[in-house]
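Working notes for the structure below.
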Amino acid sequence: MTILVRSANEHDVLHAARISREYAASAQQRGIGIAFRAESYIAKKMTSGDAVVAFVDDEIAGFCYIETFENKKYVSNSGLIVIPAYRQIGLAKRIKQQIFDLSRNKYPNSKIFSITTSGYVLKMNSDLGYKPVMFADLTSDDEFWANCQTCRNFDILTRNDRKLCLCTGMLYDQTNNKTNLDEE
């Protein structure tokens, strides 16, 4: 089995439709809060170099992207997905490390954050040096929070004035230059 995890580019756009379908299927099958991502949005992230793709034996196997907010003060690591056939081989951890490194390299002065309902992602984020924070410590940019509209838990977020949801907000502590994942 050959695994390749790398920054996405314009040649990867042909996989955008599959990745979009996987987001929808994963949200439905797993019954968790996963926001829908349109094929055009995924393609845009790929062509702008703000995404990571993973392949197993030349087949698309995973994806994650970054977004910036408040004039690049904040950068989010979002949309981590591994296609079910490629789960349980450590691919999510490799994608998460790659997107984190891409964020640090492209936006070295930004605060890196993530929100998730996944215990596994919480663990990976912790290993990278993220700390749980209140949503008030994350970006206040309406564009970020609007992305939550397609999540099944959006009513919880809006009912609580964007202060509380089922997701946990995590922020990277920039004074921590070495991550636990670097050691593994």
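Listing for the model above:
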{"item": "Test: ALA61 is among the aliphatic types (A, V, I, L, M), part of a strand (DSSP E or B) and either modelled with pLDDT of 95 or more or under 22 Å from SER140 (Cα atoms) (or both)", "result": "yes"}
{"item": "PHE113 being of a type in the set (A, V, I, L, M, F, W, C), over 16 Å from ILE19 (Cα atoms) and touching a strand residue (DSSP E or B) at 6+ places or on another chain (Cβ under 7 Å)", "result": "yes"}
{"item": "Residues located in the stretch 107-122, provided they are out of contact with any Ser or Thr (no Cβ under 9 Å at 6 or more places or on another chain) and assigned to a helix (DSSP H, G or I)", "result": "GLY119, TYR120"}
{"item": "Test: residue in the stretch 133-140 that is in a helix (DSSP H, G or I) and out of contact with any helix residue (DSSP H, G or I) (no Cβ under 9 Å at 6 or more places or on another chain)", "result": "yes"}
{"item": "Lone qualifier among THR175, THR150 - being of a type in the set (S, T, N, Q), within 25 Å of VAL82 (Cβ to Cβ), out of contact with any strand residue (DSSP E or B) (no Cβ under 9 Å at 6 or more places or on another chain) and at pLDDT below 85", "result": "THR150"}
{"item": "Number of positions in the stretch 29-50 that are outside any helix (DSSP H, G or I) and modelled with pLDDT of 80 or more", "result": "5"}
{"item": "The listed residue being modelled with pLDDT of 95 or more, of a type in the set (Val, Ile, Thr) and in a strand (DSSP E or B), out of ILE66, ILE99, ILE95", "result": "ILE66"}
{"item": "Test result for ALA136, more than 13 Å from GLY169 (Cα to Cα) and either modelled with pLDDT under 95 or buried (at least 20 other Cβ atoms within 10 Å of the Cβ) (or both)", "result": "no"}
{"item": "Residues located in the stretch 110-133, provided they are over 17 Å from GLN98 (Cα atoms) and either buried (at least 16 other Cβ atoms within 10 Å of the Cβ) or at pLDDT 90 or above (or both)", "result": "ILE115, THR116, THR117, SER118, LYS131, PRO132, VAL133"}
{"item": "Selection count where residues are surrounded by 12 or more Cβ atoms within 10 Å (Cβ to Cβ), of a type outside the set (Val, Ile, Thr) and either part of a loop (DSSP other than H, G, I, E, B) or touching a Leu at 6+ places or on another chain (Cβ under 8 Å) (or both), scope the stretch 141-161", "result": "8"}
{"item": "Candidate set: the stretch 8-28, residues that are assigned to a helix (DSSP H, G or I) and polar (S, T, N, Q); chosen: the one modelled with the highest pLDDT", "result": "SER20"}
{"item": "Every pair of residues 6+ apart whose Cβ atoms lie under 8 Å, when the first sits in the stretch 106-124 and is touching a residue at least 40 places away in the same chain (Cβ under 8 Å) while the second is charged (D, E, K, R) and surrounded by 15 or more Cβ atoms within 10 Å (Cβ to Cβ)", "result": "LYS106/ASP50; ILE112/ARG104; VAL121/LYS96; MET124/LYS93; MET124/LYS96"}
{"item": "Candidates VAL5, VAL75, VAL53 - the one that is within 28 Å of TYR107 (Cα to Cα), part of a strand (DSSP E or B) and more than 14 Å from the chain's Cα centre (by Cα)", "result": "VAL5"}
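The values are calculated or read from the model by the stated rules, or taken from the named source; none is laboratory data. Since this is a predicted model, take the numbers as computed values, not measurements. Note that each Cβ is placed from the backbone with ideal geometry, even for glycine, and that neighbours are counted across all protein chains shown.
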